[in-house]
Every structure is written in structure tokens, then in C-alpha cells.
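Written below as C-alpha cells is the structure these notes are about.
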Amino acid sequence: MREPAWRIFAAEYNEANHVIESKGEKKPRYVLTPLGAKVNRLFIIGVLTDVEEIGAEGIRRRARISDPTGIHVVYAEAFEPEVASILADMEVPSFIAVVGKARIYEPEEGMLYVSARAEMAKRSDEESRDYWIMETCRSTLMRINAMKDAMSMNSPTAKQLRELGYPPMVAEGVSEALKVYEDVDMEHYEMMVREAISFITTGKKEVRKGYEEEQEKLLKIIAEMQGEDGAIWDEVIEEATKQGMERSVVEEVMVILLEKGRIYEPQLGKIKMV
Amino acid sequence: MEEIEKAVEEILATVKADKEKVMEDLKKFVDYGVPLEQAKEAVMSKYGEVVKEKKLKDIEAGERNICTIGKIIAIDEREVEVRGERRKIYRGLLGDDTAILPFTAWKDFGLNKGDVIRIENASSSEWEGQPRLSLSEWSGVEKVDYDIELVKRAPQRYNLMDLKPGLSNVEVRGKILSIDEREVNIGGEIRKVFSGTMADETAKIRFTAWKDFGLQKDDVIKIKNAYVRKWRGAPQLIFDENSTVEKIDEKIVMEERVTPLYKIVEAGGGIDVLMEGVILDVRDDSGIIFRCPECNRKLRDGICEEHGEVEGKADLRIRALLDDGTGAVEVIFNREISEKLLGKGMEDYMEVAEEAMDYSIVHEDIIDKIVTKPVRVKGDSLSSDFIVTIFARDAQIIKIDKEKEMEELMMQLEGLQ
């Protein structure tokens with residue numbers, strides 16, 4: 001069977017920290033998200049905010065794709081040179097569609113980073129992106145519902161969830177997720193879907209920028225405030241808003257810098273330049 | 001004492017022997033001070049490796065060396081490719097008075113529907129959550145000359161959409177949309193069979209009735225004890241002299257509804273299904289192809305495998321991967337539908353390609369125009385080996401009413417408990 005391509009928001013996918021190793025000949029691996037998506041392949045449409053060359057061969061690329069909830073990190077590997085060159089030639093920012101396999105990086109026990117390895121990349125457009133957001137909202141809502149149904153059962157099994165009409169992959173994923181994730185904050189995910197919906201309905205934002213200027217500005221602020229142990233997150237945000245940046249933008253730029261590896265958190269709530 | 005009785009039961013579960021004798025032998029060993037476990041082994045080896053027949057309901061997935069007796073309820077042959085070699089395998093249903101299980105025979109044992117057989121050295125694997133028997137090169141199969149009773153359990157009620165090949169003893173209701181009568185020759189005997197299509201609110205399905213139930217178009221019927229097998233890449237409902245068919249006074253209103261792709265993948269295909277998904281890939285052999293004017297086969301380098309070198313007839317077709325996040329199928333669009341999806345005619349593409357002296361330009365334009373586009377497709381499945389292949393009867397790019405969709409999503413969100 002061909003693995004379906006999950007539509008999943010970056011915020012949910014990036015919070016995944018469990019992997020399911022399946023049995024069978026091909027032993028596919030799945031990223032299990034807190035809402036029970038069991039992802040081997042995923043489909044993303046968003047705004048390409050950054051493409052960088054990685055490795056020494058001059059072929060591999062790492063791209064960042066922004067959706068209304070966060071950023072998907074996508075790799076194009078040397079054995080997919082066509083996909084890598086499509087990424088390399090794409091303008092930033094622009095709409096992009098990617099089909100990829102779940103990529104799992106586990107530098108040490110208990111630390112897990114998920115991203116996608118692109119199998120296909122293509123220029124996209126606003127209409128397709130909106131359709132993607134809609135599909136992703138639908139699929140996320142279905143899993144939120146399944147989680148809630150499962151939480152109301154004594155010992156939920158995939159079989160019981162199937163009987164309620166959920167697709168097999170969702171039924172399996174949700175019953176597994178409840179076992180390995182503790183206290184999944186459902187409100188947090190409902191809010192995420194709400195934000196995605198309002199992203200489309202309320203005043204259309206232009207293609208979001210890569211925030212190049214803002215990145216530099218924020219780095220400067222952090223450099224000034226970091227001292228020995230790092231700058232306090234809340235104070236950085238306060239300072240940046242004082243300098244005229246919107247709070248939501250500051251937060252987003254912070255995430256960009258974190259994901260780029262320009263800054264890190266030496267301890268919770270503090271940030272420091274690398 | 002209790003321990004000894006337990007040991008006797010265990011021995012009898014694996015070898016065929018007389019209970020009294022086993023007990024006697026076992027006691028003898030124990031009286032001589034042989035530990036029970038060793039005594040058990042000694043007795044077992046005395047009665048040899050004769051494996052006792054198991055009832056079908058006691059067979060679990062992952063067993064080996066299974067011996068059982070059952071009746072062939074259904075069987076059909078199909079060709080599969082095993083390591084590059086075409087070979088025939090046989091699939092069907094085997095029943096006894098406790099259960100009905102699907103089986104696969106990897107060689108021709110000369111089996112026919114209705115045969116009662118004794119099987120030795122079969123194995124079992126898991127398939128769709130239930131055990132499936134596997135008869136291999138090394139299995140022994142012999143026909144026995146008596147009949148056996150089949151399990152009488154309450155039939156399970158299904159919607160037509162949920163039927164998948166391998167199910168048996170199903171109960172369904174539906175409306176006959178079409179029915180044809182024909183005669184077939186089975187082992188020298190001419191029999192009448194009735195085939196057609198029927199539908200309920202959820203799906204349409206092809207059926208075959210091996211008995212004259214006096215059915216007519218537009219009859220609404222309830223069928224008990226039917227079974228499902230795969231035919232031409234789609235599930236097919238079969239009912240026969242073991243089934244009961246009753247006309248019922250119910251209305252069946254069929255409405256167009258979108259079937260999620262995982263359902264089609266699970267059922268191994270379907271007919272007249274409506275689906276929605278996003279096109280995630282276009283196969284390399286999409287675009288302008290040349291067909292043999294004699295047999296319509298696709299030419300390879302201007303050569304037809306049947307008719308040799310011929311003047312090819314141009315055609316436009318697309319083979320695409322459709323994915324809705326729950327499952328994926330392959331869809332074939334013919335010239336007419338392809339032109340509609342692309343908004344461009346084949347003649348125009350011919351011109352462009354001839355000017356560029358390169359037909360791959362058409363393939364590129366197809367990728368550009370339809371990959372990542374949401375599409376609604378109606379069609380029938382043709383095959384379902386690795387992936388279900390659908391032949392499209394109609395298709396269009398989905399235009400979304402954003403406001404309406406978002407309102408609906410918002411309502412769903414508000415409706416969460």
C-alpha cells in the first residue's frame with residue numbers, strides 16, 4: 001500500500017517526539033504527533049521563506065516553509081537532485097508545494113527532531129495553498145474529535161475508534177498517541193485551527209516576508225542584552241516592540257532564528273546567540 | 001492428579017491418540033519417577049508427529065504445520081508476478097462448522113467449489129485482522145468423500161461501501177440497477193448465472209447470482225449469507241443456493257457522495273465511485289502516446305507487441321496519483337477528460353510538440369497544470385495490485401467556495417465538546 005500524504009500543520013508536526021517502528025518487510029517508520037497523526041509521508045503547501053545550501057557537494061538544500069501555525073523544515077537530499085535544484089531556483093518568498101517523507105533526527109535518547117525529506121517540490125499558488133489550509137484544518141479537527149472521543153473511553157483501542165467511523169490510520173494513531181503523550185492540551189490545538197481559519201478569512205495577508213531586516217534587528221537586540229547567561233525572552237520581546245516591531249512578528253522571527261540555529265536557549269526562557 | 005490430566009489434554013491437543021491410552025502411558029512413566037515434562041515428551045514421541053486436525057475457529061495468525069478439514073465455499077484463480085515470473089494462485093474461502101476463513105493456494109491442487117478437503121502442513125498469516133490459510137508446495141491436500149456442516153452464525157450486516165473481498169456470510173440490502181442472464185459451462189454442466197449491478201445509499205457493486213431468484217431491475221432486496229470476492233479490480237457480491245434473497249418494500253435513494261480514498265483502498269476498488277483528492281504526481285507515460293490502429297495498445301518506439309511496426313495513432317492520456325490524506329489511488333484520464341482538465345486540446349499539444357520536436361514538453365505542461373491541484377473524479381477501478389487504479393469517467397478541478405468552507409469549519413470547531 002502506498003502511504004497517504006498527511007496534511008498537517010507545522011505547529012503540530014514539530015511538536016512530535018515519538019516514532020513508531022513498524023514490523024513487516026519494508027519497516028516503514030512513522031512520526032506520531034500529539035494528535036495521533038501517524039506520518040510517513042506528508043504534503044505541505046506554504047510560503048518558502050528560506051533556502052540554504054548544506055553539505056559540501058553543493059547539491060543538498062534545506063528549506064523553510066511557513067504555514068499559518070509555524071515553519072516546516074524540508075530537506076532535499078543529494079539523491080534527489082531534481083528536487084534540490086527546484087528548491088535552489090525558487091524565489092524567496094513564494095508559494096511552494098512539497099510532498100516529502102518524514103525525516104527523523106535523534107541526536108540522543110529522548111531528543112527528537114522531525115522534518116521532511118522532499119520527494120517532490122513545485123511552485124504553487126494562493127488558491128492551492130488555501131485549499132491546503134482548509135484540508136489541513138479538516139484533518140486536524142477530525143483528529144481532535146477522535147482524541148476527545150478516545151479520552152472519554154476507559155481504555156480506548158483502535159478497534160473502538162474504527163467503529164465510530166474514523167479511518168484506520170487515525171484510529172491507530174490516536175490510540176497510540178494517548179499512550180505515549182501525557183496531558184495533550186486540546187485547547188492549544190483548537191486555537192491553532194482557529195488561527196489557521198482566520199488566517200484565510202480575515203484580511204488576506206500578502207505573501208509573508210522572510211523578515212530579513214527584522215532578523216538582523218532582533219539579533220542586534222539579543223547581542224546587546226545577552227550578557228553571560230543569555231537575554232531574557234520576555235525582555236527581548238518588550239525591547240523589540242518598543243523599537244516598533246509587532247509582537248506576533250517578533251515571535252515569528254525568534255522562531256526563524258532558533259530554527260536557523262542563529263540563537264539557542266541555554267535555559268528555558270533565555271536566549272543566546274550561537 | 002490434576003496435573004496429569006492437564007498434561008493429557010495438552011498431548012491430545014497436538015497428537016491424535018486415544019485418551020485412555022495416553023493416560024495409561026503417562027502414568028507408567030510418572031510411576032517410574034520420570035518428571036512430568038519428560039514423560040509428556042516421551043508419550044508424544046510415541047504417538048508420533050501426527051498432527052491433530054484443528055477446527056477453523058481455533059486457527060490463529062502465524063501458525064505452522066496446521067492440519068484441518070473444511071469445505072471450499074468459493075475459489076477463484078488469479079495470476080500474480082512472483083520474482084518476475086507469472087504464476088497462477090488460487091484464492092477462496094474455506095468453512096467448517098466453527099468458522100469460515102479465507103485461504104490462498106500457491107499451487108493448483110485441483111480444487112473446486114463444494115469440495116470437502118483435508119489439509120496438512122498449511123500455515124496461517126494475518127490478513128485484514130483475521131487469519132488467512134496458506135497452502136504451499138509442501139502442504140498436503142486430499143479430498144474426502146463426506147460432506148460437512150457449515151457454521152451457522154448470524155450474518156453480519158454491511159453497507160455496500162464496506163464490503164471487501166474475502167468477507168463471507170454478509171447481509172446486505174440494495175436495489176437492482178441492472179441484471180443480465182447468461183449461461184456458463186462449469187465442468188460440463190450448463191448453469192444459468194445472473195449478473196448485474198446493485199446499489200444502496202453508500203455505494204454501487206457488481207453482483208453475480210448462481211441461482212435464479214427471479215430478480216428484476218428496480219427490485220429492492222435483502223440478501224443473507226452472501227460473500228465477496230474480487231473481480232476485475234473491484235469487489236463483487238456473490239450469492240447462491242446457500243443464500244436467501246427476499247424482496248423488501250423499501251425505498252433506496254442514491255445520492256452522490258464522496259468516498260474517502262482509504263475506503264476505496266480497503267475495499268480494493270469499486271465501481272461508479274466519486275472521490276476528491278489532490279494530484280500529487282503524474283506518471284512518466286502521461287502525455288501524447290501512440291496507439292496501434294489495430295488493437296489500440298500503446299506502442300513502444302513505434303512497435304506494437306502484437307502487430308509489429310505500425311503507423312501509430314496519437315492519443316492523449318494522463319496517469320496521475322490522487323491522494324486525499326487518508327489514502328492514494330492511481331487515476332487514468334482519457335483524452336476527453338485530460339483536455340478538459342488541461343484546458344487545451346490534443347491538436348494544440350501536437351503542434352507545440354512537433355515544433356519543439358519533443359513530446360516530453362507535453363508531459364511537463366501536464367505537471368505544471370495539474371500537480372497539486374484538487375480534483376473531483378468519478379470512475380471505476382480496473383485493478384488493485386499494489387495500488388488501486390481508477391479509470392475516470394468524469395473529472396474536474398475543484399473550485400472552492402472559501403467563505404462557505406471556512407464557515408463550515410468554524411461551525412465544526414464551535415461544535416467541539
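Every read-out reported here was derived from the displayed coordinates using simple, explicitly stated rules and does not represent laboratory data. Keep in mind it's a predicted model, so treat the numbers as computed, not measured. Ideal geometry is used to build each Cβ from the backbone, glycine not excepted, and the neighbour counts take in all protein chains shown.
Principal semi-axes of the equivalent ellipsoid, √(5λ) from the alpha carbon gyration tensor of segment B:261-310, are 33, 15, 9 Å from largest down. Counting only residues at least eight positions apart within a chain, or on another chain, the aspartates and glutamates with an alpha carbon under 12 Å from that of B:Lys222 are B:Glu171, B:Asp200, B:Glu246, B:Asp249, B:Glu250. Straight-line cross-link partners of B:Lys313 among the aspartates and glutamates, defined as a Cα under 14 Å from its Cα and at least 8 positions apart when in the same chain: B:Glu294, B:Asp301, B:Glu347. Label zone (B:Asp249, point 7 Å along Cα-to-C-beta; backbone nitrogen cut-off 14 Å) within segment B:170-193: none. Which shape class, rounded, prolate or oblate, goes with chain A when its Cα gyration tensor gives a ≥ b ≥ c as root eigenvalues, a/c under 1.5 marks rounded, and past that a/b bigger than b/c marks prolate? Because a/c hits 1.5 or more and a/b exceeds b/c, chain A counts as prolate. Kirkwood Rh over Cα pairs of chain B into Stokes-Einstein at 20 °C, 1.002 mPa s: D in µm²/s? For these conditions, the coefficient is 83 µm²/s.
Have a look at B:Gly233, B:Gly140, B:Gly166 and tell me which one the Gaussian network model of chain B (Cα, springs below 10 Å) gives the largest fluctuation. Of B:Gly233, B:Gly140, B:Gly166, the Gaussian network model singles out B:Gly140 as fluctuating most. Close amide H pairs (under 5 Å, H built 1.01 Å from N) link A:His18 with A:Leu32, residues at least 5 positions away or on another chain. Placing dummy labels 7 Å off each Cα toward the beta-carbon, the span from A:Ala78 to B:Glu53 is 6.3 nm. Taking chymotrypsin sites (Phe, Trp or Tyr not before Pro) across segment A:1-90, the ones in a DSSP loop with at most 16 further Cβ atoms lying within 10 angstrom of their Cβ are A:Phe79. The percentage of C-alpha pairs in the protein assembly as shown whose separation is greater than 35 Å is 57%. In the frame of its principal axes, segment A:112-213 has Cα extents of 51, 33, 27 Å, reported largest first. Sorted from greatest to least, the principal axis extents spanned by the alpha carbons of segment B:48-130 come out as 38, 29, 26 Å. Once you order the gyration tensor axes a ≥ b ≥ c over the Cα atoms, which shape class does segment B:199-277 get: rounded for a/c under 1.5, otherwise prolate or oblate by comparing a/b with b/c? Judged from the Cα gyration tensor, segment B:199-277 comes out oblate (a/c at least 1.5, b/c at or above a/b). By the rule of a C-alpha distance below 23 Å, with chain neighbours fewer than 8 residues away ignored, the lysines paired with B:Lys373 are A:Lys101, A:Lys122, A:Lys204, A:Lys205, B:Lys263, B:Lys340, B:Lys344, B:Lys399, B:Lys402, B:Lys404.
Amide H contacts under 5 Å for B:Val310: B:Cys304, restricted to partners 5 or more places along the chain or on a different chain, H placed in the peptide plane at 1.01 Å from N. Simple spin-label estimate for A:Ser198 and B:Glu336 gives 4.9 nm between the two label positions (7 Å along the Cα-to-Cβ direction from each Cα).
Annotation for segment B:337-417: trypsin sites (Lys or Arg not before Pro) lying in DSSP loop with at most 14 further Cβ atoms inside 10 Å of their Cβ are B:Lys399.
Our analysis of segment B:114-246 gives Rg over Rh at 1.00, with the two radii drawn from alpha carbon positions and Rh computed by the Kirkwood formula. Summing +1 for each Lys or Arg and -1 for each Asp or Glu among the other residues whose beta-carbon sits under 11 angstrom from that of B:Leu382 gives -2.
Taking a ≥ b ≥ c as the square roots of the eigenvalues of the Cα gyration tensor, an a/c ratio of 1.5 or more together with a/b no larger than b/c marks segment A:1-152 as oblate. Over chain B, with a Gaussian network built from C-alpha contacts below 10 Å, which listed residue (B:Glu255, B:Glu171, B:Glu183) shows the highest mean-square fluctuation? Largest GNM mean-square fluctuation: B:Glu183.
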